[in-house]
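What follows is a short report on a single structure.
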Amino acid sequence: MIREFGALTLNGFREARRNRVSVVVAVFTLGLLLSSTLVTDVTVYTFQRVLADVGLGAMAVTLVLLAIFLSSGLLTREIERRTIFLVVSKPVSRALFIVGRLAGNMLTLAVLLLAMSVVFFTQEALYGMAVTRPQVVAAGMLWVELLVISSVGFAMSSFASQLVSAVVTTGVYFAGHLSADIYNLASRSESGLIQWVGKGVYYVLPNLARLNFRPQASYEVVTPAMDILQSAAYGIGYAGVMVALAVFIFSRRDFK
Amino acid sequence: MSSSLPIEVRGLAKTYRLGFWMNRQVRALQGLDLEVQPGQVYGLLGPNGAGKSTTIKILMNLVQASEGTARLFGLPPTDEEARRQVGFLPENPAPYEYLTGAEFVTLAGKLAGMSGHELDQRVKEVIGMVEMERAAKLQIRRYSKGMIQRISLAQAIVNRPKLLILDEPTSGLDPVGRRQVRDLILAERQRGTTILFCTHIISDVEALCERVVVLVGGRRVREGSVRELLSGQAPVVEMTVEGLSLGQLQGFGHELTYAQDFGDRVLLRTGDQAAQLLLQQTLQAGGRVTQVQPTRYSLEDLFLDALKEARHGTVGGEIS
Ligand SMILES: Nc1ncnc2c1ncn2[C@@H]1O[C@H](COP(=O)(O)OP(=O)(O)OP(=O)(O)O)[C@@H](O)[C@H]1O
Ligand SMILES: [Mg+2]
């Protein structure tokens, strides 16, 4: 089972490589270089802050978009192109297929995240800035955020079309960053129903703000390791539920 | 030990539900029974939409049956252990096109639990068997239809399956390729592999199969060993007559299974007994018999007869 899982994962990575996802890193690098030449008319301290914010922010935006794109189309594409016939008919359970394909996506995203981090940290070093611990934490936790988004994309694309999956997953991403605000807003309402709905939304949507450590990196706030671990565990747990959902739906599907 | 049959299908039915409210139905299969013994080469025949691919998809766990049971070696198709012993070639196969042929066959082997040196050897071997050595390092997106068919066949046999399920294995192949696939099926049979395959090429079935089933509209209309199905039929004689019209010939009162007036000659087919009389009567009436040929009742005749019996149209399942 481990071997089959490995084969699926590495194959997913190979697919991304052959489809030239590395271009994403090139575009990111170019954008980063360009942005640093645009910001000139400020003090040295502000310059460094802006540089770090732009770097981490650009990384997040690029990879989140890529994660949505990769995950929401994957299962649908396999079914539409009928490539799935040759894989699911092998002695591989559909659960293993889903988990292996997701792992392939996460490996691709991890490698890209790593490459971007190297570019970003090198740039910092070139401007004589130190790479701080909160920055590393923010980059690492971005991967957990990508995992949550990808698992939502998989759950959606286990039954919906690529377009619907992409739109819903994008919506979940934005709402997920606001879920705490939605909760607070609803709890201030007089109406019990709205309070109840707010709570419901809060628990169903992923709390992505909890996985976002970019503000801490920006203000150089060191977060205790325990908090980081708890947040990571929350993200992985949420992704696990989404994967279970995807497996549940996918295992009952006809491929025709 | 009926439970260890390679394929055992009982009362299998599949209804596809369509439309937004799932209120339209296509009955693709209606109560199919099928038994394939070890080592048999079994042919699945039927017009377009008869339910051949649906049967195969149910066996390969791609589609769930609405009713009835399907068993591979006594296990349900959902069981991975059942599928471990099976090689499968779908209709219009679609391998990952970003992989090369060799990479794809390797992936198939890995997913079937093979690894290491043994896998590498076997991949080379099966690629040789389908004559794809030259294109093995080319990405599949650059393949022609027949090349895709060949590489997909290679991935089906890579794990030395005990049962091969092939959906139209010779579609898209050139004449040489068709002969090669036939030889490959024969070689697999020599090894003792059980084979279920469906095709529209009846000569392939005649050349390869011991048993056949004919499906029409999701129902079984003929089943049995090829020899029995064909030998039970009375011999037929084909004659070409000149100098008499079709009307005159029909006037003799024999039952003609086939008759065609070409103006200068009439081509007809009739039973053995009738042919003897017809021959005499034709000569007496001043006609010339330019050709007399006993013809075997072929699988094609069987197939066409089976279709004739289907009262409604033959293409597709029942739609309601
Ligand atoms: N996805 C689907 N949705 C609805 N109906 C379907 C679907 N797939 C197949 N059918 C119906 O099921 C019936 C059987 O189809 P199937 O593909 O099994 O035929 P077949 O015997 O393989 O035909 P062919 O020789 O053309 O390949 C057809 O009437 C078809 O319309
Ligand atoms: Mg078919």
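Within the bounds of the stretch B:139-156, is there any residue that is assigned to a loop (DSSP other than H, G, I, E, B), facing another protein chain (nearest Cβ under 10 Å) and modelled with pLDDT under 95?
Checked the stretch B:139-156: no residue is assigned to a loop (DSSP other than H, G, I, E, B), facing another protein chain (nearest Cβ under 10 Å) and modelled with pLDDT under 95.
Does B:L215 meet the test of being buried (at least 18 other Cβ atoms within 10 Å of the Cβ), within 22 Å of B:I202 (Cβ to Cβ) and within 16 Å of ligand 2 (Cβ to nearest atom)?
Spelling it out, B:L215 is indeed buried (at least 18 other Cβ atoms within 10 Å of the Cβ), within 22 Å of B:I202 (Cβ to Cβ) and within 16 Å of ligand 2 (Cβ to nearest atom).
Filter the stretch A:97-110 for residues that are among the hydrophobic types (A, V, I, L, M, F, W, C) and closer than 13 Å to A:A67 by Cβ and give the result.
If the condition is that a residue be among the hydrophobic types (A, V, I, L, M, F, W, C) and closer than 13 Å to A:A67 by Cβ, then A:L102, A:M106, A:L107, A:L109, A:A110 are the ones that fit.
So which residues in the stretch B:39-58 are near ligand 2 (Cβ under 10 Å from one of its atoms) and in a strand (DSSP E or B), if there are any at all?
B:L44
Would you mind stating whether B:E309 is farther than 24 Å from B:G224 by Cα, more than 16 Å from ligand 2 (Cβ to nearest atom) and within 23 Å of the chain's Cα centre (by Cα)?
Here the answer is no, as B:E309 does not meet what is asked.
Determine the pairs where a residue that is assigned to a loop (DSSP other than H, G, I, E, B), located within the stretch B:199-210, has a partner that is polar (S, T, N, Q) and within 16 Å of ligand 2 (Cβ to nearest atom) with Cβ atoms under 7 Å apart, the partner being 6 or more residues away or on another chain.
Hits for this filter: B:T199/B:T170; B:I201/B:T170.
Every residue in the stretch B:161-186 that is in contact with a helix residue (DSSP H, G or I) (Cβ under 8 Å, 6 or more places away or on another chain) and either among the acidic types (D, E) or without any contact (Cβ under 8 Å) to a residue 12 or more places away in the chain (or both), please.
Result: B:D167, B:D174.
Can you tell me how many residues in the stretch A:24-50 are open to solvent by less than 60 Å² (accessible area, probe 1.4 Å) and either within 11 Å of chain B (Cβ to nearest Cβ) or assigned to a helix (DSSP H, G or I) (or both)?
Number satisfying all stated conditions: 13.
May I ask you to say which residue of B:N92, B:N48 is of a type in the set (S, T, N, Q) and away from every other protein chain (no Cβ under 14 Å)?
That would be B:N48, the only listed residue that is of a type in the set (S, T, N, Q) and away from every other protein chain (no Cβ under 14 Å).
Could you check, for the stretch A:204-220, whether at least one of its residues is away from every other protein chain (no Cβ under 14 Å), acidic (D, E), outside any helix (DSSP H, G or I) and surrounded by 12 or more Cβ atoms within 10 Å (Cβ to Cβ)?
yes
Could you tell me whether B:I202 is of a type outside the set (D, E) and within 16 Å of ligand 1 (Cβ to nearest atom)?
It is true that B:I202 is of a type outside the set (D, E) and within 16 Å of ligand 1 (Cβ to nearest atom).
Exactly one condition in (1) away from chain B (no Cβ under 14 Å); (2) among the aliphatic types (A, V, I, L, M); (3) surrounded by 14 or more Cβ atoms within 10 Å (Cβ to Cβ) is false for A:V21; which is it?
It fails just one condition, (1).
Name the single residue, out of those in the stretch B:9-45 being within 22 Å of A:F255 (Cα to Cα), touching a residue at least 12 places away in the same chain (Cβ under 8 Å) and out of contact with any Ser or Thr (no Cβ under 8 Å at 6 or more places or on another chain), that is surrounded by the fewest Cβ atoms within 10 Å (Cβ to Cβ).
Only one residue tops the list, namely B:G31.
Among residues belonging to the stretch A:7-18 that are facing another protein chain (nearest Cβ under 8 Å) and within 21 Å of B:N159 (Cα to Cα), point out the one that is farthest from the chain's Cα centre (by Cα).
That would be A:A7.
Can you name every one of the strands (runs of 3 or more DSSP E) wholly within the stretch B:236-319 that holds 2 or more residues which are loosely packed, with under 13 Cβ neighbours inside 10 Å?
Filter on the stretch B:236-319 gives B:256-261, B:288-295.
Tally time: how many residues in the stretch B:205-217 are within 13 Å of ligand 1 (Cβ to nearest atom), touching a Leu at 6+ places or on another chain (Cβ under 8 Å) and more than 16 Å from B:D167 (Cβ to Cβ)?
2
Checking the condition touching a residue at least 24 places away in the same chain (Cβ under 8 Å) and outside any helix (DSSP H, G or I), which residue from A:F154, A:F250, A:F159 passes?
A:F159
Among the residues of the stretch A:106-118, count how many are open to solvent by less than 40 Å² (accessible area, probe 1.4 Å) and of a type outside the set (S, T, N, Q).
So the count comes out to 7.
A quick yes/no check of all residues on (1) within 13 Å of chain A (Cβ to nearest Cβ); (2) not in a loop (DSSP other than H, G, I, E, B):
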site: B:A82; (1), (2): yes, yes
site: B:E97; (1), (2): yes, no
site: B:L107; (1), (2): yes, yes
site: B:G113; (1), (2): yes, no
site: B:H117; (1), (2): no, yes
site: B:R122; (1), (2): no, yes
site: B:I127; (1), (2): no, yes
site: B:L164; (1), (2): yes, yes
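Looking at the structure I just gave you, is B:T78 within 14 Å of chain A (Cβ to nearest Cβ), out of contact with any Ser or Thr (no Cβ under 8 Å at 6 or more places or on another chain), more than 16 Å from ligand 2 (Cβ to nearest atom) and outside any strand (DSSP E or B)?
Yes: the conditions hold for B:T78.
Considering every residue within the stretch B:130-150, establish whether at least one is within 16 Å of ligand 1 (Cβ to nearest atom) and farther than 21 Å from A:L10 by Cβ.
yes
The values are calculated or read from the model by the stated rules, or taken from the named source; none is laboratory data. In this text, all values refer to a predicted model and were calculated from it rather than measured experimentally. Cβ atoms come from the backbone with ideal geometry, glycine included; neighbour counts cover every protein chain shown. Only protein heavy atoms, including side chains, enter the accessible area calculation; ligands, DNA and RNA are left aside. Shrake-Rupley method; radii C 1.70, N 1.55, O 1.52, S 1.80 Å.
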